[in-house]
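Visitor: The structure is given below, and queries will be raised subsequently.
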Amino acid sequence: MRFGIIGCGLVAQVMHIPYLAELPEAELHAFADPAEGRAETLADRYNVPHVYAGHEDLLDEVGDNLDAVVILTPSHTHADVAVDTLDAGIHTLVEKPIATAPSDADRMVEAAERSDATAMVAYMKRYDPSYERAQAVVANLGEIDLVTAYDVDPDHFRIVKEVYDLVEGMPPEELIEESAAKRQRDMEAAIGTDDEMLIEAYDFQLEHVCHDVNALRGLFGAVERIDHVNVFADGRYATAHLTYEDGVECILETGDSDRKWFEEFVRVDSPDGMVKVDFSNPFIKNTPTELQIKQGTEDLIDSVETPSYEEPFKRELAYFVDCVDGESEVRTTFAEAREDLQVIVDLFRTYHGENPRSAD
């Protein structure tokens, strides 16, 4: 299966390109990146025959020879790329979040619906073996009292600089300015304000809390109500009270820090037990996510499971290949990702008074 990589930045270099190179059923055929020197260096490193500055040239020149693409450009550019690749009949995997503005997400969903090609969003935590095991455990709980989702990022670039041999690249200055202006417009339109603190907070949370929003969706379904949202610590932290299908209550805590440790978990409390998925740092490879299960009001059962050391990013790519081959159904659809984006938008709109998912 011939793949094109569109966008050759951090996540492409650390995750998608090397893992695709490891899959026997995948062949890296073309790279596209406006920083052409970066793409050319990576093409030499991975023996990739074709390099282009943009996805349009890639589609014009080798589109007929490609089976699939992975879109790893900034989220506010996803729509223009994905619409073109899907309209060309090319199977498309796009990094999360699906977009920056719901209007772009709508365009992507429409393109996916009219195309015969596979369209999937790369939520790698949904392919984590411990998370998949947790889905089965949580589904067997008779009753849920409370869900707690906690996710505070450290300074990931400390790890990245020490561990990975990244190829730096700088797109043309004019393109950078145009891209930044579009992202700013998209963010202001999405959350309905030009408040600088909230725009910066949304900019971070869009890329960060989408992980948690989708992981919670896979466990509990759709968010039906949002209450008590707070954005504080100069916009670096946010909390919210979410109500899911069947009345499941969740406290969401999410933030950004300069500390050196990573911490992200989903904890589910029931009347007689507890299930906790303790995610590992995605930038430290082959560190497994742990699943802790406690049960008992008289006698206690306390276990910690490590189902696998397999990398979720690699499992996600293998699953995408299976979907293209017709062996699996898409688990993380464009439509689902659009709803995740809307949840994040609604968190910010609730904070500044609109409350689009109130109980009233």
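Visitor: State which residue is surrounded by the fewest Cβ atoms within 10 Å (Cβ to Cβ) when the search covers only segment 309-329 and only residues that are in contact with a Pro (Cβ under 8 Å, 6 or more places away or on another chain) and under 14 Å from ARG126 (Cα atoms).
Guide: GLU310
Visitor: Check off (1) in contact with a strand residue (DSSP E or B) (Cβ under 7 Å, 6 or more places away or on another chain); (2) within 22 Å of SER130 (Cβ to Cβ) for VAL213 and give me the number that stays unchecked.
Guide: (1)
Visitor: Quick one: which of LEU206, LEU166, LEU198 is part of a loop (DSSP other than H, G, I, E, B) and aliphatic (A, V, I, L, M)?
Guide: Being part of a loop (DSSP other than H, G, I, E, B) and aliphatic (A, V, I, L, M) holds for just one of LEU206, LEU166, LEU198, which is LEU166.
Visitor: Given the conditions (1) surrounded by fewer than 19 Cβ atoms within 10 Å (Cβ to Cβ); (2) among the acidic types (Asp, Glu); (3) out of contact with any helix residue (DSSP H, G or I) (no Cβ under 6 Å at 6 or more places or on another chain), and given that ASP194 satisfies all but one, which numbered condition is not satisfied?
Guide: Just one mismatch for ASP194, condition (3).
Visitor: Here's something else I'd like to know. Just checking, does segment 88-110 include any residue being out of contact with any strand residue (DSSP E or B) (no Cβ under 8 Å at 6 or more places or on another chain), over 29 Å from SER179 (Cα atoms) and open to solvent by less than 10 Å² (accessible area, probe 1.4 Å)?
Guide: no
Visitor: Suppose we keep only residues that are in contact with a helix residue (DSSP H, G or I) (Cβ under 6 Å, 6 or more places away or on another chain) and buried (at least 19 other Cβ atoms within 10 Å of the Cβ) within segment 219-231. Which one would you say is farthest from ALA201 (Cα to Cα)?
Guide: LEU219
Visitor: Another question about this same structure. Name the residue, out of VAL160, VAL209, that is closer than 30 Å to GLU40 by Cα and open to solvent by less than 70 Å² (accessible area, probe 1.4 Å).
Guide: VAL160
Visitor: Residues of segment 51-97 being free of Cβ contacts under 8 Å to residues at least 40 places away in the same chain and farther than 17 Å from ALA117 by Cα, which ones?
Guide: VAL51, TYR52, ALA53, GLY54, GLU56, ASP57, ASP60, GLU61
Visitor: Sticking with this structure for a sec: Which pairs do you get when a residue that is farther than 18 Å from GLU113 by Cα, found in segment 310-336, comes within reach of a residue that is open to solvent by less than 30 Å² (accessible area, probe 1.4 Å) and assigned to a loop (DSSP other than H, G, I, E, B), reach meaning Cβ atoms under 6 angstrom, with the pair 6+ apart or on two chains?
Guide: Taking only residues 6 or more apart or on different chains, the pairs are PRO312/ASP128.
Visitor: Tell me which residues, restricted to segment 133-155, are in contact with a Leu (Cβ under 9 Å, 6 or more places away or on another chain) and either outside any strand (DSSP E or B) or surrounded by fewer than 14 Cβ atoms within 10 Å (Cβ to Cβ) (or both).
Guide: ARG133, ALA134, GLN135, VAL137, VAL138, ALA139
Visitor: Report, by residue number, each residue of segment 232-260 that is open to solvent by 10 Å² or more (accessible area, probe 1.4 Å), outside any loop (DSSP other than H, G, I, E, B) and farther than 16 Å from VAL147 by Cα.
Guide: Selection gives PHE232, TYR237, ALA238, ASP256.
The values are calculated or read from the model by the stated rules, or taken from the named source; none is laboratory data. Bear in mind the structure is a predicted one, so any value in this text is a computation, not a measurement. Reconstructed Cβ throughout: ideal geometry from the backbone, glycine too, with neighbour counts over all protein chains shown. SASA here: full protein model, heavy atoms, side chains in, ligands and nucleic acids out. Shrake-Rupley method; radii C 1.70, N 1.55, O 1.52, S 1.80 Å.
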